[in-house]
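The values are calculated or read from the model by the stated rules, or taken from the named source; none is laboratory data. This one's a predicted model, so the numbers in the text were calculated from it and none came from an experiment. Here Cβ is always computed from backbone atoms with ideal geometry, including for glycine, and neighbour counts include all displayed protein chains. Surface accessibility is based on the protein's heavy atoms, side chains included, excluding ligands, DNA and RNA. Shrake-Rupley method; radii C 1.70, N 1.55, O 1.52, S 1.80 Å.
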Amino acid sequence: MKRNYFILLLSAIALFFSASCSKDSDGEDLKNATHKAVIYSPAVGLQRFTDSKVFLSEAPFEKYENFTPLKSLNLPANRTVNDSVVFNVSDYVGKTIYVVALRKKLLSDGYYSITSTTSQPLKNIKFTVVEDKPVYQVAFVTAEPSTKTYTADKANLTLKVKKGSSPVSNREVYWYGTTQLWNDQHKALIEKEYKDNGRVAATLMNRTDADGLLKIGIPVNEAGTVKNGDKVVNNNEHVFFVMEAGKVKEIIVNVDNLVLSKTLSF
């Protein structure tokens with residue numbers, strides 16, 4: 001069913017192929033272009049639209065580390081099904097050109113594919129520039145990628161636990177999750193479970209060392225901060241806590257850097 005949806009969407013995009021191909025949406029020089037490529041790439045379920053580009057290359061995209069693109073154009077945020085980016089491909093007559101949409105990693109300089117492969121593999125998103133054909137139209141869908149398709153960045157958090165001004169050693173530190181569901185009610189439930197059964201309803205990270213320190217690796221969620229209806233959701237805002245006299249003592253950590261130092265004080 002999902003595959004059929006993508007096929008129908010791409011068919012709908014084709015209806016717009018009769019639109020003008022002379023629009024220069026990102027600084028590409030089209031005035032003297034003899035050959036142009038019009039790329040349509042609407043989003044389905046894509047959460048972060050920033051830092052996305054369409055790349056042209058002579059080989060299909062595999063990993064950014066060994067990717068050698070010919071050129072790229074920025075994908076506009078808030079694009080619609082009939083928006084496009086237009087390339088001047090006059091210099092590539094006789095070449096087969098592969099097309100892919102990539103998004104920059106949230107906290108580092110690498111890129112990864114946001115090109116949906118539900119209806120076709122990346123190696124099939126291509127066109128061959130021939131002398132007697134001036135315009136090429138390519139359509140594909142962009143979507144949030146599977147975490148299996150790229151190596152996620154990991155933020156390194158050094159968390160210091162202090163009671164007053166003194167470091168707290170050998171203290172268990174727990175991870176609740178992101179802040180999307182965190183509230184006083186959930187906090188009270190953790191405290192009740194601890195009081196009734198001596199268990200903490202959260203993930204134990206480890207214990208602090210002799211200096212009250214604990215190093216924690218946190219995978220970066222590339223979706224970043226998004227709007228969910230009227231609510232703004234930060235997918236990289238995490239809750240860590242310790243138990244002190246049966247009470248939750250928490251810290252909210254916003255992963256906005258790959259190296260973080262925070263102090264949980266109570």
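Numbers for the structure displayed
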{"quantity": "Flag for residue 78 being modelled with pLDDT of 55 or more and not hydrophobic (A, V, I, L, M, F, W, C)", "calculated": "yes"}
{"quantity": "Positions within region 77-86 being open to solvent by 40 Å² or more (accessible area, probe 1.4 Å) and either in contact with a His (Cβ under 9 Å, 6 or more places away or on another chain) or aliphatic (A, V, I, L, M) (or both), in sequence order", "calculated": "77, 81"}
{"quantity": "Residues of region 202-217 classified as surrounded by fewer than 16 Cβ atoms within 10 Å (Cβ to Cβ) and part of a loop (DSSP other than H, G, I, E, B), total", "calculated": "3"}
{"quantity": "Residues (open to solvent by 10 Å² or more (accessible area, probe 1.4 Å), among the basic types (Lys, Arg) and outside any loop (DSSP other than H, G, I, E, B)) located in region 87-131", "calculated": "104, 123, 126"}
{"quantity": "Of the criteria (1) within 22 Å of the chain's Cα centre (by Cα); (2) in a strand (DSSP E or B); (3) under 21 Å from residue 257 (Cβ atoms), which one residue 227 fails", "calculated": "(3)"}
{"quantity": "Positions within region 64-76 being within 16 Å of residue 140 (Cα to Cα) and open to solvent by 50 Å² or more (accessible area, probe 1.4 Å), in sequence order", "calculated": "74, 76"}
{"quantity": "Options 159, 204, 181, 189; residue that is among the aliphatic types (A, V, I, L, M) and in contact with a Lys or Arg (Cβ under 8 Å, 6 or more places away or on another chain)", "calculated": "159"}
{"quantity": "Pairs with Cβ under 7 Å, 6+ apart, first in region 252-266 and hydroxyl-bearing (Ser, Thr, Tyr), second surrounded by 13 or more Cβ atoms within 10 Å (Cβ to Cβ)", "calculated": "261/158; 263/160; 263/162; 265/162"}
{"quantity": "Filter pass, residue 34 being assigned to a loop (DSSP other than H, G, I, E, B), at pLDDT 95 or above and of a type outside the set (A, V, I, L, M, F, W, C)", "calculated": "yes"}
{"quantity": "Scan of region 230-241 for residues that are open to solvent by less than 60 Å² (accessible area, probe 1.4 Å) and more than 15 Å from residue 155 (Cα to Cα), ordered by number", "calculated": "233, 234, 241"}
{"quantity": "Evaluation of residue 152 against (1) in a strand (DSSP E or B); (2) under 30 Å from residue 56 (Cα atoms); (3) aliphatic (A, V, I, L, M) (one fails), failing number", "calculated": "(1)"}
{"quantity": "Residue under evaluation residue 253, criteria (1) outside any strand (DSSP E or B); (2) open to solvent by less than 10 Å² (accessible area, probe 1.4 Å), criterion not met", "calculated": "(1)"}
{"quantity": "Residue satisfying all of: in region 165-196; in a loop (DSSP other than H, G, I, E, B) and free of Cβ contacts under 8 Å to residues at least 24 places away in the same chain; nearest to residue 222 (Cα to Cα) among these", "calculated": "183"}
{"quantity": "Subset of region 168-182 [under 26 Å from the mean Cα position of the chain (by Cα) and open to solvent by 50 Å² or more (accessible area, probe 1.4 Å)]", "calculated": "175, 176, 180, 181"}
{"quantity": "Region 54-63: number of residues that are over 16 Å from residue 116 (Cα atoms) and either surrounded by fewer than 16 Cβ atoms within 10 Å (Cβ to Cβ) or touching a residue at least 60 places away in the same chain (Cβ under 8 Å) (or both)", "calculated": "2"}
{"quantity": "Of all residues in region 144-167 being of a type outside the set (Val, Ile, Thr), in contact with a Leu (Cβ under 8 Å, 6 or more places away or on another chain) and surrounded by 19 or more Cβ atoms within 10 Å (Cβ to Cβ), the one that is nearest to residue 95 (Cα to Cα)", "calculated": "155"}
{"quantity": "Index of the failed condition, residue 199 passing every other in (1) open to solvent by 80 Å² or more (accessible area, probe 1.4 Å); (2) out of contact with any helix residue (DSSP H, G or I) (no Cβ under 7 Å at 6 or more places or on another chain); (3) over 28 Å from residue 46 (Cβ atoms); (4) not in a helix (DSSP H, G or I)", "calculated": "(2)"}
